[in-house]
1. Mind listing just one residue for me: the one in region 171-208 that is free of Cβ contacts under 8 Å to residues at least 12 places away in the same chain and charged (D, E, K, R) and, of those, farthest from the ligand (Cβ to nearest atom)?
2. So residue 104 passes all but one of these: (1) in contact with a helix residue (DSSP H, G or I) (Cβ under 8 Å, 6 or more places away or on another chain); (2) near the ligand (Cβ under 6 Å from one of its atoms). Which condition number does it fail?
3. Looking only at region 80-101, filter to residues that are in contact with a helix residue (DSSP H, G or I) (Cβ under 9 Å, 6 or more places away or on another chain) and within 12 Å of the ligand (Cβ to nearest atom); which one of those is nearest to residue 191 (Cα to Cα)?
4. Surrounded by fewer than 22 Cβ atoms within 10 Å (Cβ to Cβ) and outside the structural domain of residue 225 (by TED's automatic domain parsing) - does that describe any residue in region 130-138?
5. Of all the residues that make up region 103-152, how many are closer than 23 Å to residue 224 by Cβ and of a type in the set (Asp, Glu)?
6. Regarding region 271-279, can at least one residue be identified that is of a type in the set (Val, Ile, Thr), assigned to a helix (DSSP H, G or I) and surrounded by 17 or more Cβ atoms within 10 Å (Cβ to Cβ)?
Amino acid sequence: MTDKEIREILENEEADIRLDEPMYLHTSFRIGGKADCFCEVKTVEALKKIIAFCKERGIDYHVIGLGSNILVADEGIKGVVIKLAGEFDEISDAGENRIRCGAGVSLAGVCVYARNNGLGGAEFAWGIPGSVGGAVYMNAGAYGGEMKDIVVSSRYLDADGNIGELNEKQHQFSYRHSAYTDNSFVILDVTLELFKKNKNDIFYLMNDTMEKRKKKQPLNRPSAGSIFKRPEGFYAAALIEQCGLKGKSVGGAQVSEKHSGFIVNNGGATAKDVKELIRYVQNVVREKTGVELQCEIKFLE
Ligand SMILES: Cc1cc2nc3c(=O)[nH]c(=O)nc-3n(C[C@H](O)[C@H](O)[C@H](O)COP(=O)(O)OP(=O)(O)OC[C@H]3O[C@@H](n4cnc5c(N)ncnc54)[C@H](O)[C@@H]3O)c2cc1C
């Protein structure tokens with residue numbers, strides 16, 4: 001695929017296209033080789049065109065949000081990486097305490113919008129460094145709240161270029177899972193239902209949440225948040241610590257000294273380092289406790 005070929009199908013203003021784009025620039029882990037083609041798509045029409053182009057030619061495509069829950073291979077990504085920008089970055093009032101958010105909007109943007117408009121319910125998401133699309137895909141949550149509690153509907157684009165909509169129930173939300181985890185649809189926008197709340201109370205709760213994060217999480221090092229899902233009846237971090245793995249490192253990747261559920265990049269970590277460390281932790285925890293740790297992060301390769 002050439003720059004010219006891909007540009008031919010898109011108007012310049014509909015997308016920014018970069019070939020051989022280093023993916024470490026687009027992940028919170030600051031890890032990842034080059035994507036053959038990186039496409040920042042600004043309109044639904046452009047998104048349809050790029051997906052049709054990829055389908056026609058048998059080229060793989062991958063949608064990312066803010067890259068805060070992915071590990072990109074050192075070898076990079078064959079095909080097209082799509083990031084939503086432009087009209088996907090907008091929030092609007094949908095009436096009756098509802099807001100409609102483009103899938104590319106950051107959760108931080110949602111929280112600030114909600115606070116400024118005296119709408120409560122999204123405070124749990126303050127400090128989760130993802131996009132609305134990534135958060136719905138993952139059913140992101142923290143401190144007693146999750147996307148499941150506030151999502152009322154979402155619109156998507158399927159692989160055949162059709163736009164569809166899911167209602168609340170159709171999302172099939174469960175722990176770090178949604179219907180989107182199991183299909184290849186691209187989430188376009190999401191409607192959230194919040195409730196009227198005093199702005200100072202919202203502000204207080206957001207601050208409180210952030211303080212808790214700062215105390216517990218290694219926010220001064222690149223990471224992808226919690227590497228593992230919470231196993232039924234246990235806490236991954238406690239099991240890892242109990243097995244003496246706090247601080248264990250492979251190359252530049254290390255089980256955080258501050259929060260054993262995080263693997264941090266201490267500088268120069270490769271995806272191979274992180275994967276080796278994950279496998280090592282999984283093996284030791286399995287041998288010593290019998291618990292199987294499943295990864296929460298998604299691998300892009
Ligand atoms: C410091 C730190 C703290 C964190 N704390 C939390 C926390 O408290 N709770 C929590 O749940 N998570 C947490 N995370 C993880 C992460 O922020 C969330 O999972 C977030 O929802 C991921 O969103 P993203 O936009 O970065 O998605 P990405 O990482 O870019 O992508 C994640 C998955 O979503 C898919 N995806 C993204 N956008 C779309 C779309 N528009 N359509 C279809 N699929 C899409 C991708 O293909 C990928 O499979 C943390 C991460 C970090 C680095």
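The values are calculated or read from the model by the stated rules, or taken from the named source; none is laboratory data. Predicted, not measured: the structure shown is a model, and the values here were computed from it. FYI the Cβ positions are ideal-geometry reconstructions off the backbone, even for glycines, and counts take in every protein chain you see.
1. Taking region 171-208 first, the residues free of Cβ contacts under 8 Å to residues at least 12 places away in the same chain are 172, 182, 200, 204, 207-208.
Of the ones still in play, those that are also charged (D, E, K, R) are 182, 208.
On the way: 182: 11, 208: 14 Å.
Top of the filtered list is 208.
2. Unmet for residue 104, out of (1) in contact with a helix residue (DSSP H, G or I) (Cβ under 8 Å, 6 or more places away or on another chain); (2) near the ligand (Cβ under 6 Å from one of its atoms): (2).
3. 101
4. Just the residues of region 130-138 that are surrounded by fewer than 22 Cβ atoms within 10 Å (Cβ to Cβ), to begin with: none.
No, region 130-138 contains no residue that is surrounded by fewer than 22 Cβ atoms within 10 Å (Cβ to Cβ) and outside the structural domain of residue 225 (by TED's automatic domain parsing).
5. Counting residues in region 103-152 that are closer than 23 Å to residue 224 by Cβ and of a type in the set (Asp, Glu) gives 2.
6. The first filter runs over region 271-279 and keeps only residues of a type in the set (Val, Ile, Thr), leaving 274, 278.
Retained after the next criterion (residues that are assigned to a helix (DSSP H, G or I)): 274, 278.
Filter once more, so that each one left must be surrounded by 17 or more Cβ atoms within 10 Å (Cβ to Cβ): 274, 278.
Among the residues of region 271-279, at least one is of a type in the set (Val, Ile, Thr), assigned to a helix (DSSP H, G or I) and surrounded by 17 or more Cβ atoms within 10 Å (Cβ to Cβ), which makes the answer yes.
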